[in-house]
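Inspection log for the structure reproduced underneath, given as structure tokens.
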Amino acid sequence: MRRWLFLLALLPALAWAQTVTRDGVTLTQAQETRAENIGDQLRCLVCQNESIEGSSATLAKQLRVIIRQHVVAGDSSKDIISFMVQRYGIFVLLKPPFMPLTYLLYATPFLGLILGGLIFWFARRSTPPAPAPLSEADTARLNELLK
Amino acid sequence: MSPLRRRLMFGLPLAAVVAGGEGFYIILRRMQQGDYDPHALPSPLIGKRPPAFSLPGAGGGQGFSNTDLLAPAKPMLVNWFASWCVPCQQEAQILSQLAGTGLQIWGIDFEDSAAGALAGYLAQNGNPYTRLAADASGLTAINWGVYGVPETYLIDTSGIVRWRYAGALTQQVVADELYPLIKQYS
């Protein structure tokens with residue numbers, strides 16, 4: 001029984017070391033997971049709103065193969081992504097990097113918040129002051145009217 | 001509420017809508033005229049020499065490598081195309097015209113498997129290419145950052161890429177973009 005439990009515990013490790021073949025490249029499950037993670041971050045340039053991982057375009061397939069070959073060769077994810085950026089420019093990245101060209105893009109939510117805050121502040125500041133409290137005579141008259 | 005405030009409350013949103021509409025109008029008009037393409041990508045190759053490659057000849061033309069592109073006598077074009085590509089046929093006439101003016105155009109036949117297909121394409125659309133190579137695997141194309149055919153690159157006399165156009169060349173693109181650059185780098 002204990003031996004069976006032990007073997008059962010080893011199963012996930014087995015699955016992890018198992019090889020898979022994707023687009024003609026054979027690699028371990030761990031490598032495939034890393035390759036998929038890289039491909040998910042890259043834009044397919046043919047159908048520009050899909051990731052390389054999700055696209056059925058020929059170019060996307062070729063790039064998936066290249067990513068997997070680099071993963072099998074042991075290149076870091078960063079190196080593989082910069083390989084793509086060198087060839088296709090930063091547009092290939094689905095998440096734009098933080099750089100002078102994109103400062104405004106990243107600052108937009110904060111600018112919106114500041115603008116909204118300013119509008120709120122001006123709107124509050126310009127509300128007229130509350131009317132002066134009623135005099136005793138006025139209070140008496142009001143009470144009389146409300147009876 | 002003061003009259004100024006009331007006027008602002010009406011006027012500011014109106015101004016924002018008018019400004020937005022004007023922006024969209026300008027973008028759409030420029031897209032229609034063809035001088036703005038939201039899908040166009042700047043090529044990282046611009047300002048650099050093409051990456052190392054060596055491709056065999058195709059369609060009876062002589063193949064070439066990156067070293068052949070180091071110092072052309074005059075600015076020249078490298079045109080990526082394929083026999084199966086429809087927009088390539090659309091620009092074929094313009095390429096022939098350009099070749100007729102003495103501009104050197106070197107072709108790279110992209111991912112064509114059947115040799116007969118290329119010969120048929122050249123017979124039908126003319127052969128404007130001074131030299132013609134084949135990139136059967138498409139791997140050189142990836143190193144160039146080619147993401148579809150046709151793509152046309154302008155290479156200056158020091159072998160540096162100065163311009164990339166993705167898609168079929170039109171008379172307007174040639175007149176507005178290509179000719180001024182050829183003049184500049186001649």
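Can you give the FRET efficiency to the nearest 0.05 for B:Phe24 and A:Thr108, using r as the Cβ-Cβ distance and R₀ = 22 Å? Intermediate values should be presented prior to the final figure.
On the way: r = 19 Å, r/R0 = 0.84.
Efficiency at R0 = 22 Å is approximately 0.75.
Using 0.36 nm per residue of separation minus the Cα-Cα distance, give me the extension gain between A:Leu101 and A:Lys61 in nm, one decimal.
Values: separation 40, 0.36 × 40 = 14.40 nm, distance 2.98 nm.
Residue separation times 0.36 nm, minus the Cα-Cα distance, leaves 11.4 nm.
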| Reachable lysines from A:Lys61, Cα under 28 Å, same-chain residues fewer than 8 places away excluded? | A:Lys78, A:Lys95, B:Lys48
| remark: Per the charge dipole of segment B:54-185 (beta-carbon charges, Lys/Arg positive, Asp/Glu negative, Cα centre), the residue among B:Ser54, B:Ser113, B:Gln97 reaching farthest to the positive end is B:Gln97
| What angle, in degrees between 0 and 90 and rounded to the nearest 10, separates the Cα long axis of helix B:115-125 from the longest principal axis of the Cα atoms of chain B? | 60 degrees
| field | Residues whose placed amide H lies under 5 Å from that of B:Gly138, excluding near-sequence neighbours | value | B:Glu111
| remark: A:Ser77 and A:Thr33 label points (each 7 Å along its Cα→Cβ direction) are spaced in nm at 1.1 nm
| message | Apply the Karplus curve 6.51 cos²θ - 1.76 cosθ + 1.60, θ = phi - 60°, to the phi angles in segment A:86-103 and return the couplings in whole Hz, x for Gly and Pro. | response | 4, 8, 10, x, 5, 4, 5, 7, 5, 9, x, x, 7, 8, x, 4, 10, 4
| By residue number, which cysteines of the protein assembly as shown lack any other Cys whose Cβ falls under 4.7 Å from their Cβ? | A:Cys44, A:Cys47
| request: Taking H placed 1.01 Å from N in the peptide plane, check which residues at least 5 places from A:Ile52 or on another chain put their amide H under 5 Å from its amide H. | output: A:Leu42, A:Arg43, A:Cys44
| Per-residue ³J(HN,Hα) for segment B:95-103, Karplus 6.51 cos²θ - 1.76 cosθ + 1.60, θ = phi - 60°, Hz, x for Gly and Pro | 4, 4, 4, 4, 4, x, 7, x, 6
| remark: For chain B, longest principal axis from Cα atoms; helix B:3-33 axis from its Cα atoms; angle between them, nearest 10 degrees, is 20 degrees
| query | Points 7 angstrom from Cα along the Cβ direction at A:Val20 and B:Gln62: gap in nanometres? | reply | 4.9 nm
| query | Who wins for biggest fluctuation among A:Ala130, A:Ala73, A:Ala30 in a Gaussian network model of chain A, springs between alpha carbons below 10 Å? | reply | A:Ala130
| field | For chain B, calculated [θ]222 nm from helices alone, where every DSSP H run of n ≥ 4 adds -39500 (n - 2.57) | value | -12000 deg cm²/dmol
| field | Cα-derived Rg over Rh, computed across the protein assembly as shown with Rh taken as Kirkwood radius | value | 1.23
| field | Residues whose placed amide H lies under 5 Å from that of A:Arg22, excluding near-sequence neighbours | value | A:Leu27
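Fully extended, how many nm does the chain gain between B:Gln89 and B:Gln124 (0.36 nm per residue separation, minus their Cα-Cα distance)? Intermediate values should be presented prior to the final figure.
Values: separation 35, 0.36 × 35 = 12.60 nm, distance 0.91 nm.
So the extension gain works out to 11.7 nm.
For B:Ala52 and B:Leu12 in the same chain, what is the full-extension length gain: residue separation times 0.36 nm, less their Cα-Cα distance, in nm? Before the final figure, lay out each step's value.
Working: separation 40, 0.36 × 40 = 14.40 nm, distance 5.67 nm.
Extra length from B:Ala52 to B:Leu12 when fully extended: 8.7 nm.
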| request: Go through segment A:130-147 residue by residue and turn each phi into a ³J(HN,Hα) via Karplus (6.51, -1.76, 1.60, θ = phi - 60°); whole Hz please, and just put x for glycine and proline. | output: 5, x, 5, x, 5, 6, 4, 4, 5, 4, 4, 5, 4, 4, 4, 5, 7, 4
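Determine the calculated [θ] at 222 nm for chain A from helices alone, applying -39500 (n - 2.57) to every DSSP H run no shorter than 4 residues and normalising by the residue count; nearest 500 deg cm²/dmol.
On the way: 6 runs with 89 residues, N = 147.
Taken over chain A, the calculation gives -20000 deg cm²/dmol.
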| query | Measuring from label point to label point, each 7 Å out along Cα→Cβ, what is the A:Glu50 to B:Leu70 span in nm? | reply | 4.2 nm
| message | What FRET efficiency comes out for B:Gln33 versus B:Ser137 if R0 is 35 angstrom and r is the Cβ-Cβ distance? Round to the nearest 0.05. | response | 0.40
| query | Gaussian network model of chain B, Cα springs within a sub-10 Å range: biggest mean-square fluctuation belongs to which of B:Arg131, B:Arg164, B:Arg30? | reply | B:Arg30
| Among B:Gly148, A:Trp121, B:His39 - extreme Cα towards positive end, dipole of the protein assembly as shown, charges at beta-carbon | A:Trp121
| message | Just to be sure I understand: with springs between alpha-carbon atoms less than 10 Å apart, which residue in B:Ile142, B:Ile108, B:Ile94 has the highest mean-square fluctuation in the Gaussian network model of chain B? | response | B:Ile142
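Bear in mind that the values in this text are calculations on the coordinates, not laboratory data. This structure is a prediction, so every number in the text was calculated from the model and none was measured. Every residue, glycine among them, receives a Cβ derived from its backbone with ideal geometry; neighbour counts consider all protein chains shown.
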